[in-house]
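See structure below.
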Amino acid sequence: MDRRRAAGIALVLVSAAAFGSGSLFAQPVYAAGVDWLVLSSWRFLFGAVLTWAFLLSSPGRRRGFRALDRRAILAAILLGVMYVGNSGTYYASLETVSPSLAALVVYLYPAVVAVLSLRFGHRLSGRRAWMALGISLVGVVLAVGGIDPDDSPPVSGLLLAFASCFIYAVWVILAARVSGERREAVADASGQAGSATAAVAIIMTATAVVFWLGALVSGRPVLPGQIPVAAWGGLFGVGVVATFVAIQTFYAGAQRVGAAHASLLSTAEPVWTIALAAILFSVALTPVQLVGGAFILAAVVIAQTGPIGERAPALDLRVADE
């Protein structure tokens, strides 16, 4: 395995862990009386500020930003507006749907991305990758098991979770296309990869603007003096870990391995979420959850091994962020 592909895999796995921490950081925020719109407003404000600081701290990243043309900037703004739909529906669903059930629904998205990639992106290569996708989806179902069938959430909450799944799948494909991915090659190998940091900075800024406008227009208590003290730790955690780190690493990783493969690797997220919840909240893992976690980890290994011809092509191009 070449170093650039290995770096892409590592970035996506870091992203999965960061995204997986989001629902845990959100729990104390909701407990303090803050709703999903206010949480999302501060989440993306923190994420955008940190991303711009990261971008401006490096001459190479600043050059990457200056290299973006008007079309790329407009595309990033539109992706940011679209991300409102994914993030908003997911965090709104968590108000009435358990994190386990929400994860089960949302993590159908790798299958949607794999199907869309057949036409619009760099498809999963070889039977091993498709087999790994199937194993990972079974693992997700097992890993988030233990849902009480008698504790049915409202239909509106489930619809929000399903909406998040499909919106995010489309977003991943569109983001990959904007970054340069094509059916014949991932973004790095296409020669069209732009600065991941620059694109993410614009995306997060656009998302933050939409959420803040929505919160202010609807009269939500979003100003600093209106936020309960107990909510700030969770808000900062969601903004730094589940936004700045998560989105930056996913976008950069997907440029290296392709959208479909990055989505497959992201199925490791529920394993991280469940394990972290067990550590922080002393929640014992059931045997079924352990089996599910083993399935997901096995799928990740299967997807990265096997004959060279069945894996994505090696990459040997320099990325603008470096």
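The values are calculated or read from the model by the stated rules, or taken from the named source; none is laboratory data. Just so we're clear, the structure is a prediction, and the values are computed from it rather than from any experiment. Here the Cβ is made from the backbone with ideal geometry for all residues, glycine too, and neighbour counts use every protein chain on show. When the accessible area is computed, the model is the full protein with side chains, heavy atoms only, and any ligands, DNA or RNA have been set aside. Shrake-Rupley method; radii C 1.70, N 1.55, O 1.52, S 1.80 Å.
Pick out, from region 61-142, the helices (runs of 4 or more DSSP H) lying fully within it that include 2 or more residues that are within 24 Å of A196 (Cα to Cα), open to solvent by 30 Å² or more (accessible area, probe 1.4 Å) and modelled with pLDDT of 75 or more. Steps first, answer last, please.
Details: elements: 70-93, 99-106, 109-120.
By residue number, 70-93.
Might you let me know whether region 179-196 holds any residue that is part of a helix (DSSP H, G or I) and at pLDDT 95 or above? Don't jump to the end; show me each part of the working.
Going residue by residue through region 179-196, those that are part of a helix (DSSP H, G or I) are 179, 187-190, 196.
Checking the rest, the ones that are also at pLDDT 95 or above come to none.
No, every residue in region 179-196 fails to be part of a helix (DSSP H, G or I) and at pLDDT 95 or above.
When you check T89 against the structure, is it hydroxyl-bearing (S, T, Y) and farther than 18 Å from V245 by Cα, yes or no? Judged against the criteria, T89 is a match.
S58 meets all of the listed conditions (1) more than 25 Å from T273 (Cβ to Cβ); (2) buried (at least 19 other Cβ atoms within 10 Å of the Cβ); (3) of a type in the set (S, T, Y) but one, namely (2).
A254 falls short on exactly one of the conditions (1) within 21 Å of G22 (Cα to Cα); (2) modelled with pLDDT of 90 or more, and that condition is (2).
Residues of region 1-19 that are charged (D, E, K, R) and either surrounded by 23 or more Cβ atoms within 10 Å (Cβ to Cβ) or in contact (Cβ under 8 Å) with a residue 24 or more places away in the chain (or both): D2, R4, R5. Close contacts from region 234-251, counting a first residue that is under 13 Å from G8 (Cα atoms) and a second that is surrounded by fewer than 24 Cβ atoms within 10 Å (Cβ to Cβ), with Cβ to Cβ under 6 Å and a gap of 6+ residues or different chains, come to T249/L11; T249/V14.
Go through region 20-51 and count every residue that is part of a helix (DSSP H, G or I) and open to solvent by less than 40 Å² (accessible area, probe 1.4 Å).
If we filter region 20-51 for residues that are part of a helix (DSSP H, G or I), which is where we start, we get 20, 22-31, 36-51.
Next, from what is left, pick out any that are open to solvent by less than 40 Å² (accessible area, probe 1.4 Å): 20, 22-24, 26, 29, 37-44, 47-48, 51.
Matching residues across region 20-51 total 17.
With the structure loaded, tell me whether T286 is of a type in the set (S, T, Y) and at pLDDT 75 or above or whether it fails that test. When the stated conditions are applied, T286 does not pass them.
Being farther than 24 Å from A260 by Cβ, open to solvent by less than 10 Å² (accessible area, probe 1.4 Å) and either at pLDDT 70 or above or within 21 Å of the chain's Cα centre (by Cα) (or both) is the requirement here; does A215 meet it? Answer is yes for this residue.
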